[in-house]
Amino acid sequence: MNKDDSESNRPKLDGSEKPLSDFLLIERINQCPKLASLKSINETLCELLDSDDSFVSQIAEVIRLDPSLTTRVLDLVNSIFFGSKSSQKISGVEEASIFLGLNRIKELLAATPVIEEIADLGKNVSSFPWINFWKHSIGTAILTREILSLAEIKYEDESDYVAGLLHNLGKLILAITFPELFQKLCKEKFDNATHAIEMERKIIGWDHAKIGAYYLWNHHISDEVVEAVHWHNNPTLSSAIQIADLLTCQLGVPGIESCKVSKNAHLDSDGWKILFAGKDEGEMDLLKGNLEFTLERVSRTLHGII
């Protein structure tokens with residue numbers, strides 16, 4: 001199938017054509033180039049890598065702040081040491097950094113364009129709200145871990161943080177792979193997250209969660225993270241991500257699309273019911289109090305980033 005065939009099958013922006021088939025979607029996602037990293041993070045990381053006093057834990061903390069860099073580090077370590085077909089995967093950034101070594105991480109940074117070059121990844125992508133995407137991803141990652149802690153659930157590796165960080169990766173893939181359709185979606189106003197997902201499926205064929213999950217699976221990220229991003233087969237982790245996503249929007253960091261999120265939307269979510277159903281009134285009051293304290297702290301962090 002040649003490029004012209006793919007272009008002729010692209011749905012029109014007015015929605016009059018059918019969405020792309022799975023085969024064409026997979027072909028286009030497979031052609032998506034490596035993702036750019038935020039320049040400030042790259043610079044900070046380079047300083048740490050060049051310092052004789054840096055620890056792997058410090059380097060890992062910086063890597064964790066960037067969704068695309070996290071993806072590339074995990075992809076590289078899993079493809080080198082375990083292969084794409086192995087069931088054994090590394091999902092922790094610090095562990096991956098130890099396996100790769102500092103020189104490998106330096107090479108990874110040097111070979112990857114920074115945020116100012118993201119438009120070059122797709123010739124038709126004039127702009128991408130990277131800062132909004134980045135801040136929302138970090139907020140969701142932090143709150144995913146906090147919510148699981150409130151639910152007294154602990155992951156030994158970092159799959160909880162990584163899954164929260166990468167939950168919206170499909171939106172970036174969408175912007176690069178289908179720029180015209182992405183810009184159309186960004187201009188839309190949605191009633192809620194469900195409405196936004198329905199429109200993605202109608203116009204494109206896959207929603208951003210499925211696109212992101214496929215991209216991560218294709219880049220050797222652990223099945224646990226892939227399933228959580230796709231929001232099925234992992235109800236505990238995906239529930240925490242769902243709540244964290246809603247809470248991050250409530251903090252005034254909605255990410256990309258214009259979508260209404262009510263103040264207590266997280267309390268009505270399926271994720272909240274899965275994680276916290278059965279608690280009595282006293283336990284629920286304590287939980288909400290702890291969550292409110294957490295949200296104040298995370299809000300200061302997110303609004304102080306840039």
(request) Among what's in segment 95-105 and is buried (at least 19 other Cβ atoms within 10 Å of the Cβ) and either assigned by TED's automatic domain parsing to the domain that holds Val226 or at pLDDT 80 or above (or both), pick the residue that is farthest from Glu156 (Cα to Cα). (result) Ser97
(request) Please enumerate the residues belonging to segment 113-151 that are at pLDDT below 50 and either in contact with a His (Cβ under 9 Å, 6 or more places away or on another chain) or β-branched (Val, Ile, Thr) (or both). (result) Val114, Ile115, Ile118
(request) Output the residues belonging to segment 259-297 that are exposed (fewer than 11 other Cβ atoms within 10 Å of the Cβ) and either at positive phi or in contact with a Leu (Cβ under 6 Å, 6 or more places away or on another chain) (or both). (result) Gly278
(request) Out of Leu185, Leu237, Leu216, report the one residue that is surrounded by 21 or more Cβ atoms within 10 Å (Cβ to Cβ) and under 16 Å from Phe128 (Cβ atoms). (result) Leu185
(request) Answer with yes or no whether Thr248 is surrounded by 17 or more Cβ atoms within 10 Å (Cβ to Cβ) and in contact (Cβ under 8 Å) with a residue 60 or more places away in the chain. (result) yes
(request) Scan segment 144-166 residue by residue and report those that are more than 13 Å from the chain's Cα centre (by Cα) and of a type in the set (A, V, I, L, M, F, W, C). (result) Ile147, Leu148, Leu150, Ala151, Ile153
(request) Would you check if Ala196 is among the small types (Gly, Ala, Ser) and either closer than 17 Å to Ile29 by Cα or at pLDDT below 80 (or both)? (result) no
(request) Give just the number: which of (1) out of contact with any His (no Cβ under 6 Å at 6 or more places or on another chain); (2) crowded, with 17+ Cβ neighbours inside 10 Å; (3) closer than 22 Å to Phe128 by Cα does Lys171 not satisfy? (result) (1)
(request) Considering only segment 228-239, state which residues are at pLDDT 90 or above and either over 14 Å from Leu150 (Cβ atoms) or under 14 Å from the mean Cα position of the chain (by Cα) (or both). (result) Ala228, Val229, His230, Leu237, Ser238
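The values are calculated or read from the model by the stated rules, or taken from the named source; none is laboratory data. Note that the coordinates shown come from a computational prediction; the quantities given were computed from them, not determined experimentally. Counting neighbours? That spans all protein chains shown, and the Cβs are built from the backbone with ideal geometry, glycine included.
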